[in-house]
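Here, each number is a calculation from the coordinates, and none is a lab measurement. Not measured: the values here are computed from a predicted model. Positions of Cβ are generated from backbone atoms using ideal geometry, with glycine treated the same way; all protein chains shown enter the neighbour counts.
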Amino acid sequence: MREFRYERATDVGGAVSTLAAAPSGVFLAGGTNLVDLMKLGVLTPDLVVDVRRLNSDRVEELPDGGVRIGASMPNSDLAADPTIRGRYPVLSAAVLAGASGQLRNLATTGGNLLQRTRCVYFQNVTTACNKREPGSGCSAIEGYHRELAVLGHSPHCIATHPSDQAVALAALDAVVRTSGPAGERTIALADLYRLPGAEPQRDTVLEHGELITAVELPALPFAANSRYRKVRDRASYAFALVSVAAALDVADGVVRDIRVALGGVAHKPWRATRVEEELRGGPVDPERFRAAAEAELAAAQPLPGNAFKVPLARNVIVRTLLDLAGVPR
Ligand code: SF4
């Protein structure tokens, strides 16, 4: 590992200004992904600014009925929080589906959102990777891409975003609060992440030195009927091949409202707006659910090694919605 300078920030403003003045500096929160990437030589910052203790580490009620999650809240605490478990169970389940117990104890809410892709070429400095080294090429397109994207990718990068938590937050219409060199702002989670386009090195719209301070969830009463289903190669400690975060409001056999997001299929959590539009206001019907899932996935452009993800995603969407609608197997 290359030598670097370590500073522990004492307030958000100081952390932001310190990092803004260090072009190759990075924020450190739980460090569960950053330290690995530094050991691998993928990231070689000359300054690490520790922000772990700067933000709230708990869930707070908001006056409008929503909640605010502090960016420093450990993943384990978030998953176990009674408010989250009762009102947003999809989020608790998504967090518990990620990593391992030890990692969740250390990883934070803000850091989880900013973890990097686990594309094997991104993590191997001996291979070409546009995300790690812009302009060098993409080894995955002609190489190993079983875990990679089928939606929204580009000829420059087909990576997927690894966070389970982010998929649930996308479905819940979460917003991210940040503090940066240009001041504070609020970003819808759906807008936080980028598709790769011609700049796959940029995962998010955050500016250098911009720090996530909190995540807010709107009051969404029907989110009490929500779940997260993750399909992966082993039962734990594996990233999603496909995942679905969904919330469903059903009354008298009619879908009154719905939220669906997909993980493991794109460079960002994929909000399944087509599924939502097709099903909102219509009857609970397995065939309609299937048609809506197929409409969402019509834009998929799988590669030979990951074509299985398209029917897999369709089936997981349908089964998850049927479970939420109370349709027996
Ligand atoms: Fe790099 Fe993206 Fe290609 Fe993976 S898919 S090798 S991250 S450019």
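Descriptive notes on the structure:
- Trypsin sites (Lys or Arg not before Pro) lying in DSSP loop within segment 218-286, provided at most 12 other Cβ fall within 10 Å: ARG234
- Taking a straight line from the alpha carbon of LYS131, these lysines sit under 19 Å away, with near neighbours fewer than eight places off in the same chain left out: LYS39, LYS268.
- Classified by the C-alpha gyration tensor, segment 109-260 has an oblate form. Its axis ratio a/c, with a ≥ b ≥ c, is 1.5 or above, and a/b does not exceed b/c.
- Rounded, prolate or oblate (a/c below 1.5 giving rounded, otherwise prolate when a/b exceeds b/c) for segment 68-163 by Cα gyration tensor: prolate
- Unit charges at the beta carbon, dipole of segment 225-325: most positive-side option, LEU297, VAL250, PHE239: PHE239
- Bins of 5 Å from zero: percent of alpha-carbon pairs in segment 225-325: 2, 14, 26, 26, 17, 9, 5, 1, 0
- Using only side-chain charges placed at the Cβ, +1 for Lys and Arg and -1 for Asp and Glu, the dipole size of segment 165-311 relative to its Cα centre rounds to 460 debye.
- Cα gyration tensor, the chain - rounded (a/c under 1.5), prolate or oblate: oblate
- Within the chain, helix-based [θ] at 222 nm, where runs of 4 or more DSSP H residues each add -39,500 (n - 2.57), nearest 500: -7500 deg cm²/dmol
- Here the chain is assigned +1 on the Cβ of each Lys and Arg and -1 on the Cβ of each Asp and Glu. Its dipole about the Cα centre then comes out at about 820 debye.
- Of the residues PRO89, ALA29, GLN102, the one whose Cα sits farthest toward the positive end of the charge dipole of the chain, with +1 on the Cβ of Lys and Arg and -1 on the Cβ of Asp and Glu, is GLN102.
- Student exercise, segment 225-325 dipole from Lys, Arg, Asp, Glu Cβ charges, in Debye to nearest 20: 480
- The chymotrypsin sites (Phe, Trp or Tyr not before Pro) of segment 76-156 that meet both conditions, a loop assignment by DSSP and at most 16 other Cβ atoms within 10 Å of the site Cβ, are TYR144.
- Using θ = phi - 60° in the Karplus curve 6.51 cos²θ - 1.76 cosθ + 1.60, the 3J(HN,Hα) couplings for segment 324-329 round to 5, 7, x, 7, x, 6 Hz; x is entered for Gly and Pro.
- Placed amide H near THR204: partners under 5 Å, 5+ positions off or other chain: ARG194
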